[in-house]
Amino acid sequence: MNLILSKLMWQNGTRINQYVFAIIITIPLLSFGMVQGWLSPMISVLQSPSGPAPVPYTSSDISWMTSVTYITAIIFGAPMGYLTDRYGRKIMALITTLSLILYWQIKLLCIRPWALILARAIAGIPCSACYIVLPIYLKEISDIDLRGALGSLLILNRNIGYLASYVFADLLAVNTMLWIGLLVPTLVLFIFLVMPETPEFLVKQGKIDEAKTVLAWLRGLSVMDQTLEQDIDNIVNVEKQTKADSKSVWRIILRDRAAFKAFIITLVIKITQQFDGYLIVLIYAGFVFERASESISLKLSPNKQVMMIGVVQLLGSIVATCIVEKTGRKLLLVVTSLVVGAGMLVLSGWFYFTSNGTWLPGWVPVVAMCMCIFADAGGFQPISYIIITDLFSFQLRGTVSSFANICAKLSNFVQMKWFTKISELISIHWTFLFFAIVCFSASLYTVIVFPETRHKTVDEIYEKLSKKDNDRIKAVP
């Protein structure tokens, strides 16, 4: 490994290796984006008598295909944090990539309902791992001032995968697209084999010299550089403290005031982001376009509709990548949650007034929907993943990521399963109003409670959280 790194070494302190490594690490999310994006334009094709399946898919088949991934994601996600800490970031990233290869292989071999449901069940592995393993891997190879920008590549690459699936579904034969889907993780698997483990995990394994070599490679510095010695010493000291602390991870979270507060902040931001309505807007985009076309000449095929949504998502992700290190996490989170809330409020109002016979322009819900999708991809969603790696140490990161992921997948499953019934019961405008309230609440909570984490260490963040608690205690007479 040291020989490979020495051949790829950039000198003079350039950090290009961090950018290259970050792009490679996030390609499995691009592949998973293709997995998720493939389903939307293909549902009508699979249900058609002239489709590629020997027998047209039933509504029950489609229901199982859309929901089974979230069920298995919860099952596989539960031990994912422990396994990542136990066996390493690189090993778990390889397993994630292998599961993506298996997913595409099954679909190439058989496209019957049982096979696609099985493939979608296997997709539960990357559905969890991509949001647990990859953010941790990414954080631990990134310098503190690049953490946000490189972390936002997760959602950017996933949205590239979405858009690629939408475009391929419109232009290519089903089998051709499946082969392209298989090609991406296969290539990444071979690249991952020669990529290094993170310095923090190598220190945990007692491989100090290798950790130093990897850190030097990431920063484009000599192994003898004094700053590397200091950083490795800091990691070693943290690891010694971790080993000396006999308390379990959950005991630390529950008994340490700052860690517990960070844990609550993470859960609130994660759950409110999942319930900000973006998932429902994506699913019901066709319905919005259909209603809008009644008053404007907006005649787009279903595939063109999802392609338009994919472009909006991608643009939002690009903006997030460019500005997250300039604006900071807090400001971006406040602004984007407000914008998503405003979009949901407009959708709620439009559906309410039009259902009561009032004429309103058809472009209004389309613009509102695009606002929601853009703002969610431009801050609300990527920040909800970045803060987990910002707020927790090596010791707690995997466990908190797993728990937050389970909460996110449960939220997704509830929405996928019950949204239609709830909308029929209370009308769709009330559900959009609920999403707007969630977004505005998240924005207010962020202003009051969330600490800025940009360019700050975990100790600095915890000190700030503890200071807030102490100030509040002193303020009480």
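The values are calculated or read from the model by the stated rules, or taken from the named source; none is laboratory data. All of these numbers come straight from a predicted model, not from anything done at the bench. In this analysis, Cβ positions are derived from the backbone assuming ideal geometry, glycine residues included, and neighbour counts consider all displayed protein chains. Only protein heavy atoms, including side chains, enter the accessible area calculation; ligands, DNA and RNA are left aside. Shrake-Rupley method; radii C 1.70, N 1.55, O 1.52, S 1.80 Å.
At a glance:
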read-out: Leu228, sole failed condition from (1) at pLDDT below 85; (2) open to solvent by 40 Å² or more (accessible area, probe 1.4 Å); value: (2)
read-out: Residue among Arg158, Arg147, Arg251, Arg219 that is more than 19 Å from Gly88 (Cα to Cα) and touching a His at 6+ places or on another chain (Cβ under 9 Å); value: Arg147
read-out: Failed condition for Leu331, given (1) over 18 Å from the mean Cα position of the chain (by Cα); (2) within 29 Å of Ile235 (Cβ to Cβ); value: (2)
read-out: Residues satisfying the stated conditions in the stretch 326-367, i.e. open to solvent by 50 Å² or more (accessible area, probe 1.4 Å), aromatic (Phe, Trp, Tyr) and part of a helix (DSSP H, G or I); value: Tyr352, Phe353, Trp363
read-out: Complete set of residues in the stretch 43-88 that are among the charged types (D, E, K, R) and in contact with a helix residue (DSSP H, G or I) (Cβ under 7 Å, 6 or more places away or on another chain); value: Asp61, Asp85
read-out: Subset of the stretch 392-418 (residues that are among the aromatic types (Phe, Trp, Tyr) and either open to solvent by 10 Å² or more (accessible area, probe 1.4 Å) or part of a helix (DSSP H, G or I) (or both)); value: Phe394, Phe403, Phe413, Trp418
read-out: Selection status of Trp64, aromatic (Phe, Trp, Tyr), surrounded by fewer than 21 Cβ atoms within 10 Å (Cβ to Cβ) and within 25 Å of the chain's Cα centre (by Cα); value: yes
read-out: Hey, Asp256 acidic (Asp, Glu), open to solvent by 60 Å² or more (accessible area, probe 1.4 Å) and closer than 28 Å to Leu444 by Cα or not; value: yes
read-out: Output for the stretch 77-109, where each listed residue is hydroxyl-bearing (Ser, Thr, Tyr) and within 15 Å of Val400 (Cβ to Cβ); value: Tyr82, Thr84
read-out: Set Gln381, Gln395: member being touching a helix residue (DSSP H, G or I) at 6+ places or on another chain (Cβ under 6 Å), more than 24 Å from Met344 (Cα to Cα), assigned by the TED database to the domain that holds Leu315 and touching a residue at least 60 places away in the same chain (Cβ under 8 Å); value: Gln395
read-out: Of the criteria (1) under 30 Å from Glu200 (Cα atoms); (2) out of contact with any Asp or Glu (no Cβ under 8 Å at 6 or more places or on another chain); (3) buried (at least 17 other Cβ atoms within 10 Å of the Cβ), which one Arg86 fails; value: (3)
read-out: Filter pass, Arg15 being among the charged types (D, E, K, R), in contact with a helix residue (DSSP H, G or I) (Cβ under 9 Å, 6 or more places away or on another chain) and either buried (at least 22 other Cβ atoms within 10 Å of the Cβ) or touching a residue at least 12 places away in the same chain (Cβ under 8 Å) (or both); value: yes
read-out: Breaking point among (1) in the same structural domain as Ile74 (by the TED database); (2) within 25 Å of the chain's Cα centre (by Cα), for Leu218; value: (1)
read-out: Subset of the stretch 19-58 (residues that are under 25 Å from Leu154 (Cβ atoms) and among the aromatic types (Phe, Trp, Tyr)); value: Tyr19, Phe21, Phe32, Trp38
read-out: Residues that are in contact with a Pro (Cβ under 8 Å, 6 or more places away or on another chain), open to solvent by less than 40 Å² (accessible area, probe 1.4 Å) and modelled with pLDDT under 80, drawn from the stretch 22-52; value: Pro41
read-out: Residues satisfying the stated conditions in the stretch 434-458, i.e. open to solvent by 50 Å² or more (accessible area, probe 1.4 Å) and closer than 29 Å to Phe419 by Cα; value: Phe434, Ile437, Phe440, Ser441, Leu444, Tyr445
read-out: Residue match in the stretch 233-249 (condition: modelled with pLDDT under 85 and in contact with a Pro (Cβ under 7 Å, 6 or more places away or on another chain)); value: yes
read-out: Residue in the stretch 114-121 that is in contact (Cβ under 8 Å) with a residue 24 or more places away in the chain, farther than 21 Å from Pro56 by Cα and outside the structural domain of Leu333 (by the TED database) present; value: no
